[in-house]
1. Hey, how many Å between the Cα centroid of the range 63-100 and the Cα centroid of the range 354-415?
2. What is the angle, in °, between the Cα long axis of helix 64-76 and the longest principal axis of the Cα atoms in the chain? Nearest 10 is fine, range 0 to 90.
3. Would you work out which of G77, L44, L335 lies farthest towards the positive end of the dipole of the chain, given +1 charges on the beta-carbon of Lys and Arg and -1 on that of Asp and Glu, about the Cα centre?
4. Under the Kirkwood approximation applied to all pairs of distinct alpha-carbon atoms, what is the hydrodynamic radius of the chain in Å?
5. Out of S369, S63, S199, any idea which swings most in a Gaussian network model of the chain, alpha carbons joined below 10 Å?
6. Stretched out fully, how many nm does the piece from Y353 to V306 gain, at 0.36 nm a residue minus the Cα gap?
7. Please report the carbon-and-sulfur percent of the accessible area for the chain; probe 1.4 Å, protein heavy atoms only, DNA, RNA and ligands left out.
8. Run the numbers on the range 165-222 and let me know its relative contact order in percent, using alpha-carbon pairs under 8 Å that are six or more apart.
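The values are calculated or read from the model by the stated rules, or taken from the named source; none is laboratory data. Model, not experiment: these values are computed from the prediction. Cβ atoms come from the backbone with ideal geometry, glycine included; neighbour counts cover every protein chain shown. All accessible areas refer to the heavy atoms of the entire protein, side chains included, with ligands and DNA or RNA removed. Shrake-Rupley method; radii C 1.70, N 1.55, O 1.52, S 1.80 Å.
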Amino acid sequence: MNTETNQDPSRLAIEGGTPAVRAKLPPMYPGGMRIGEEEEAAVLEVLRSQRLFRYYGPQPGPSKVAELETAFAEMIGVKHSLAVTSGTAALICGLVALGVGPGDEVIVPAYTWIASAEAVLAVGAVPVVAECDESLTLDPADLDRRITPRTRAVIPVHMRGAPCQMDAIMAAADRYNLGVLEDAAQADGGSYHGKRLGSMGHLGAFSFQFNKILTAGEGGGVTTSRLDLYQRAVMVHDVVGGQRNRIPASEIIPGLNFRMSELQGAVLLVQLKRLEGLLKDMRRNKALLKGAVEGIARRKGAGFRVINDPDGDTAIAMVLYAPSPERADAIAAALNMEGVPAGVMYHPDRVDYHIYPHWAPIVNRKSWSGAGFPWKWHAGKLNYGVDECPRTLDLLRRAIHVDISPELSSENLEEMAEAYHKVLGSLL
Ligand SMILES: *Cc1c(COP(=O)(O)O)cnc(C)c1O
């Protein structure tokens, strides 16, 4: 075959060849793409009952939100779960439950959605960023190095659906008597050594915003097995939560109303039933793609993201490390031209609120009050410069990420694998 013509299938699309991906790829809204008749029926049932509030309405009967909490706690393997309005609200409830407040430091990974860090500000504490390792989750050794006498809690984040090293993190937390709030917003149903994410820390926080595995458009959840922490979270999420739960008036803390509506509860009860199917499909798709790409990646010396427990990966994403930033940029650009929406995870000039140097209100120490709260309540030194967590930035700068939708067909996966073969074959 004449290698100079467009007919050569190995010719990169970025050099004028035919793109490997021809069939349209599904968008990455795992639970969202499966919203169907059952969600519709569940929402209609709530509307027709006119009972839109979890605690009461014109019709008596069970609350969807309460049912959701029972089912979610059972799935995660904890004694209590609390439905709230967002993942950020869940984090705030969790931090208040742990007693975090002004003057305290909370350790967060350098790579997480900014909400993990802003929830810390919301309770008056300050975030301290720590390095991630090749799993792109909190490095337990670096966690140890960031602890000061002011450290009160740590938020390990199961980023892109994969588990943190929870055993080492819990051991460090025990040594220093820190509260542990797992941020499992991106990892519904994932696990670590057989335990569900969100069941190993003192509390877990979940999000049901539209990008997450399970969704009601918006929503969140708190998990814990400790009654005292649960009760404090209940009081934060409802201004009369203390009274409703017969907590003595002298022990009631202020509430902020993060209560979930029955409409969201109805949708999430149906979504929860879809969880195992979603995980099965994403895991199958990732295994197929990774299996097809592994050989050439290894031959060319590119490594995959370390997954701390492959059996517990929710498999929402596949990440490959290029040897240099330049090579990562070239590979991502070529993959995009082949029709694979892959992206380099960090670029200094491309604003992305998942990486701490881009957290503008935090880097700039913005405040809600003229008095500088909460920053001025903190006594130690803080650094959010690029020199604070260089290893995480180097990893993300070389990391090429692709979403693994549960809706990918075998044709999609074959074409994506072909794209990786073409691109890695010539650019690595
Ligand atoms: C989405 C997300 C949150 C916040 O959830 P919201 O429901 O959007 O408030 C927190 N942490 C992580 C890691 C997230 O991905």
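1. Answer, in whole Å: 25.
2. Value to nearest ten degrees: 60.
3. About the Cα centre, the residue reaching furthest to the positive side is G77.
4. About 22.6 Å, per the Kirkwood formula over Cα pairs.
5. The residue with the greatest mean-square fluctuation here is S369.
6. Values: separation 47, 0.36 × 47 = 16.92 nm, distance 2.27 nm.
The Y353-V306 span can extend by a further 14.6 nm.
7. Here it works out to 53 percent.
8. 28 percent
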